[in-house]
Amino acid sequence: MAKSFKDYEQEGWSKKASQYGRLVLPLTSQAFEPILASFGGLTGKRLLDVCTGPGHLAGEAAARGALVDAVDFSEAMVREAKARFSKGDAEALPYDDVSFDAVACCFGLLHLPEPAQGVREAYRVLRPGGRYSVTLWNGPERGGDLFKVILQTVSTIADMNVELPKAPPMFELSEPGRIEVLMSGAGFTYIQRIPIASAWRARRAEDIVELLNYGTVRMSLIMDLQKQEVRERIMEELVKAFRPYERGTGLEVGCSSIMATGVKPH
């Protein structure tokens with residue numbers, strides 16, 4: 001039986017869990033402050049971090065006084081975490097109704113085959129008056145050069161007709177109005193969209209190779225399905241494409257996102 005999108009995501013992030021903090025966290029953590037600030041004062045609030053990965057956002061929430069639970073579908077990610085974490089499915093959260101004051105999801109919805117179900121689950125476990133905040137990467141047209149350069153380079157060289165599992169488009173929910181539809185459909189009100197400016201920072205252009213190999217699942221799967229000589233050429237061209245972004249002791253490439261936040265009505 002062929003592997004599903006969820007199978008590949010779970011397997012891929014389990015393999016890459018040990019590298020998350022080094023390669024992915026410096027980028028995703030730029031959304032932590034907007035997410036946590038959206039909940040107001042956290043002292044004594046019960047917060048759930050969905051798709052927590054190794055738990056860095058959850059740890060920051062706990063440091064600010066929240067009573068934190070966190071869930072991820074990758075056992076390896078849960079083992080990387082250092083607090084009260086559970087292996088579980090964001091589309092079927094292992095918690096009772098109306099259990100939390102706040103639910104966070106930092107770049108997690110794009111890893112779900114049914115993101116609308118993930119939003120409904122967040123609504124279910126929230127108490128009336130509770131808030132849900134989720135971050136999403138902008139697509140290459142509005143999100144800066146990181147994804148633009150990667151996708152342009154890979155699609156020019158790679159065979160993009162390789163057989164991939166059916167999956168939601170990666171940037172679909174950041175399109176204007178899309179996440180708002182999912183959230184309002186689940187019952188959320190007072191929905192706001194807030195832009196987040198962020199950037200991928202590295203020492204040199206060659207670091208893009210590690211980011212793709214160990215910091216992504218979808219793109220690294222596309223790469224794995226190419227012939228060896230094609231993979232090598234893609235990596236060579238990516239390094240060339242990012243070389244102009246090098247400045248002095250490092251490089252910085254824009255990669256913006258949005259936060260959508262809404263309230264469960266009383």
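The values are calculated or read from the model by the stated rules, or taken from the named source; none is laboratory data. Treat the numbers as computed from the prediction; the structure is a model and nothing was measured. Cβ: placed from backbone, ideal geometry, glycine included. Neighbour counts: every protein chain shown.
Within the stretch 49-56, does at least one residue satisfy the condition of being within 15 Å of the chain's Cα centre (by Cα) and at pLDDT 95 or above? Walk me through it before giving the result.
Restricting attention to the stretch 49-56, the residues satisfying the condition of being within 15 Å of the chain's Cα centre (by Cα) are 49-56.
Filter once more, so that each one left must be at pLDDT 95 or above: 49-50.
So far as the stretch 49-56 goes, yes, one or more of its residues are within 15 Å of the chain's Cα centre (by Cα) and at pLDDT 95 or above.
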| query | Does LEU110 fit the bill of being without any contact (Cβ under 8 Å) to a residue 12 or more places away in the chain, part of a helix (DSSP H, G or I), within 18 Å of the chain's Cα centre (by Cα) and at negative phi? | reply | no
| field | Members of the stretch 113-141 that are more than 18 Å from the chain's Cα centre (by Cα) and of a type outside the set (D, E, K, R) | value | TYR123, VAL125, LEU126, PRO128, GLY129, GLY130
| task | May I ask you to list pairs of residues, at least six apart or on different chains, whose Cβ atoms are under 8 Å apart, with the first in the stretch 117-139 being closer than 17 Å to PRO34 by Cα and the second being of a type in the set (D, E, K, R)? | result | GLY130/ASP101; GLY130/LYS264; ARG131/ASP101; ARG131/LYS264; TYR132/LYS264
| field | Criterion violated by PHE73 - all others in (1) buried (at least 18 other Cβ atoms within 10 Å of the Cβ); (2) at pLDDT 90 or above satisfied | value | (2)
| remark: Residue pairs within 8 Å by beta carbon, gap of at least six or interchain, first lying in the stretch 211-223 and in a helix (DSSP H, G or I), second of a type in the set (Lys, Arg), listed first then second, are TYR214/LYS16; GLY215/LYS16; MET223/ARG231
| note | From the option list ARG201, ARG231, ARG243, single residue qualifying as at pLDDT 90 or above and touching a Pro at 6+ places or on another chain (Cβ under 7 Å) is ARG201
| query | Where in the stretch 12-63 are the helices (runs of 4 or more DSSP H), entirely inside, with at least 3 residues that are out of contact with any helix residue (DSSP H, G or I) (no Cβ under 9 Å at 6 or more places or on another chain), of a type outside the set (A, V, I, L, M, F, W, C) and without any contact (Cβ under 8 Å) to a residue 60 or more places away in the chain? | reply | none
| Under the condition of being over 14 Å from GLY12 (Cα atoms) and hydroxyl-bearing (Ser, Thr, Tyr), which residue from the stretch 207-252 is surrounded by the fewest Cβ atoms within 10 Å (Cβ to Cβ)? | THR249
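Please state which one of VAL181, VAL239 is assigned to a helix (DSSP H, G or I), farther than 30 Å from LEU36 by Cα and not small (Gly, Ala, Ser).
Numbers: VAL181 fails: farther than 30 Å from LEU36 by Cα.
Every option except VAL239 fails the conditions.
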| said: It is to be established whether one or more residues within the stretch 142-165 are polar (S, T, N, Q), outside any helix (DSSP H, G or I) and touching a residue at least 24 places away in the same chain (Cβ under 8 Å). | reply: no
| Considering ASP101, ASP96, which residue is in a loop (DSSP other than H, G, I, E, B), at pLDDT 95 or above and charged (D, E, K, R)? | ASP96
| field | Residue selected from the stretch 228-266 under the condition free of Cβ contacts under 8 Å to residues at least 12 places away in the same chain and among the basic types (Lys, Arg), by the criterion farthest from GLN30 (Cα to Cα) | value | ARG231
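Condition test on ASP69, is it among the acidic types (Asp, Glu) and touching a residue at least 24 places away in the same chain (Cβ under 8 Å)?
For ASP69, the condition - among the acidic types (Asp, Glu) and touching a residue at least 24 places away in the same chain (Cβ under 8 Å) - is met.
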